[in-house]
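Chemist: First the structure, which I've put down as C-alpha cells, then a few questions once you've had a look.
The values are calculated or read from the model by the stated rules, or taken from the named source; none is laboratory data. In this text, all values refer to a predicted model and were calculated from it rather than measured experimentally. Please note: Cβ atoms are built from the backbone with ideal geometry, for glycine as well, and neighbour counts cover all protein chains shown. Areas reflect the complete protein model, heavy atoms only, side chains present, ligands, DNA and RNA absent. Shrake-Rupley method; radii C 1.70, N 1.55, O 1.52, S 1.80 Å.
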Amino acid sequence: MTSDAFLVVAFGFGYLCGSIPFGLILTKLAGTQDLRSIGSGSIGATNVLRTGNKGLAVATLLGDALKGTIAVVIMGYYAGPNAAMLAALGAFLGHLFPVWLKFKGGKGVATYIGVLIGLFWPAAIVFCVMWLAIAFATRYSSLSALVAAFITPLFLWWFGHPALASLCVVMTLLMFYAHRENIKRLQAGTESKIGAK
C-alpha cells in the first residue's frame, strides 16, 4: 500500500473510531431515556450528566476521549505523524457527524482532548486546565470548551508546533460550528449550567 493510500486508511480508521456513540450506547444499556430527547440532544458526556447518572457521564467522557487517543496512537505507530494527524481529524469528524446517527453526533470536547493526548499531551493539559478554570468561574460547559479550544492552537503555535496548531484550528472551527446553538443561548442568557437537568 502506498503512503498516500495509507493516509486515506488512517482518516477512515479515525472516522470509524470517532463515530462510536458511547453516550448513546451506555445510556441505552443503563435503561435511561433516549439521550437525544433530553437537554441539548447531544450524545456527549455533558448531556449524559443531565440524566442524573454521574457514573455514566464519566464513562462517556472516557470513551469519547479514548476513541480519539487510540485512533491517533495506532495510526502514528504504523504510519507516522501525518497519518496520526489525519486519524485525529477523522476521529473528531466521526464524533461530530457519525454515519450511524444520520450525521448528528456530539460536540467534540472529549474527543478533542483525546486526540491531543495522542498527538501532544501537554496541549491536552492546557485544554483541560482552561476548561476547568472557565467552568469553575461560570458553570457553563459550552463556554469552557470554546475558550479552551480557542487557546489550544495558540499554545501549540507559540511552542513551535505549527502543523498541530493548524489541525487544532480546523477542529476548533468545527467545534464552534457544533456549538452554534449553545453560542446563541449564551448570548441570550438561556444556556444551561453544569449540573442542570
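Chemist: Order M85, M171 by their accessible area, 1.4 angstrom probe, all chains in place, largest first.
Modeler: M85, M171
Chemist: Lysines within cross-link reach of K54: Cα-Cα under 25 Å, excluding same-chain residues under 8 positions apart?
Modeler: Answer for K54, where 25 Å is the Cα cut-off: K28, K67, K104, K107, K193, K197, listed by chain and number.
Chemist: Another one. How much net charge surrounds F97 when only the other residues with a Cβ under 13 Å from the Cβ of F97 are counted, with Lys and Arg +1 and Asp and Glu -1? Write down the numbers at each step before the final one.
Modeler: Numbers: positive: K102, K104, K107; negative: none.
My count for the surroundings of F97 gives +3.
Chemist: Any idea how far apart R180 and I125 come out in nm if each label point goes 7 Å out from Cα toward Cβ?
Modeler: Placing both labels 7 Å along Cα→Cβ, they lie 3.7 nm apart.
Chemist: Further, regarding this structure: Give me the accessible area per residue for the chain, probe 1.4 Å, as a whole number in Å². Please list the in-between numbers first.
Modeler: Numbers: 9930 Å² over 197 residues.
Ligands and nucleic acids excluded, the result is 50 Å² per residue.
Chemist: Taking the stretch 62-197 as the region of interest, what is the percent of Cα-Cα pairs per 10 angstrom bin, listed from the shortest bin to the one with the maximum distance?
Modeler: Going from the shortest bin to the longest, the percentages are 13, 43, 34, 9, 1.
Chemist: Determine the shape class of the stretch 43-111: with a ≥ b ≥ c the square roots of the Cα gyration tensor eigenvalues, call it rounded for a/c under 1.5, and otherwise prolate if a/b is greater than b/c, oblate otherwise.
Modeler: On the way: a/c = 3.51, a/b = 1.80, b/c = 1.95.
Oblate is the answer for the stretch 43-111, as a/c is 1.5 or above yet b/c matches or exceeds a/b.
Chemist: If I build a Gaussian network model for the chain, linking alpha-carbon pairs within less than 10 angstrom, which residue out of Y77, Y112, Y177 has the largest mean-square fluctuation?
Modeler: Greatest mean-square fluctuation among the candidates belongs to Y77.
Chemist: Per the helix-only calculation at 222 nm, which mean residue ellipticity applies to the chain, given -39500 (n - 2.57) for every DSSP H run of n ≥ 4 and division by its residues, nearest 500 deg cm²/dmol? Don't skip to the answer; put the middle values down first.
Modeler: On the way: 10 runs with 145 residues, N = 197.
Taking each H run of at least 4 residues, the total per residue is -24000 deg cm²/dmol.
Chemist: Of all accessible surface on the chain at a 1.4 Å probe, what whole percent is carbon and sulfur?
Modeler: On the way: 7040 of 9930 Å².
It is 71 percent, rounded to a whole number.
Chemist: What full-extension length gain, to one decimal in nm, is calculated for F159 and T32 as 0.36 nm per residue of separation minus the Cα-Cα distance?
Modeler: Details: separation 127, 0.36 × 127 = 45.72 nm, distance 4.43 nm.
Full-extension gain reported as 41.3 nm.
Chemist: Still on this structure, I have one more. Just how far, in whole angstrom, is the stretch 110-140 from the stretch 1-45 if you go by their alpha carbon centroids?
Modeler: 19
Chemist: Semi-axes, largest first, in whole Å: what does sqrt of 5 times each Cα gyration tensor eigenvalue give for the stretch 1-117? Before the final figure, lay out the partial values.
Modeler: Values: eigenvalues 158, 33, 18 Å².
The three semi-axes for the stretch 1-117 are 28, 13, 10 Å.
Chemist: Something else now. Tell me the relative contact order for the chain as a rounded percent, counting alpha carbon contacts under 8 Å between residues six or more apart. Present the calculation step by step, with values, prior to reporting the outcome.
Modeler: Details: 324 pairs, mean separation 42.2, N = 197.
This gives 21 percent for the chain.
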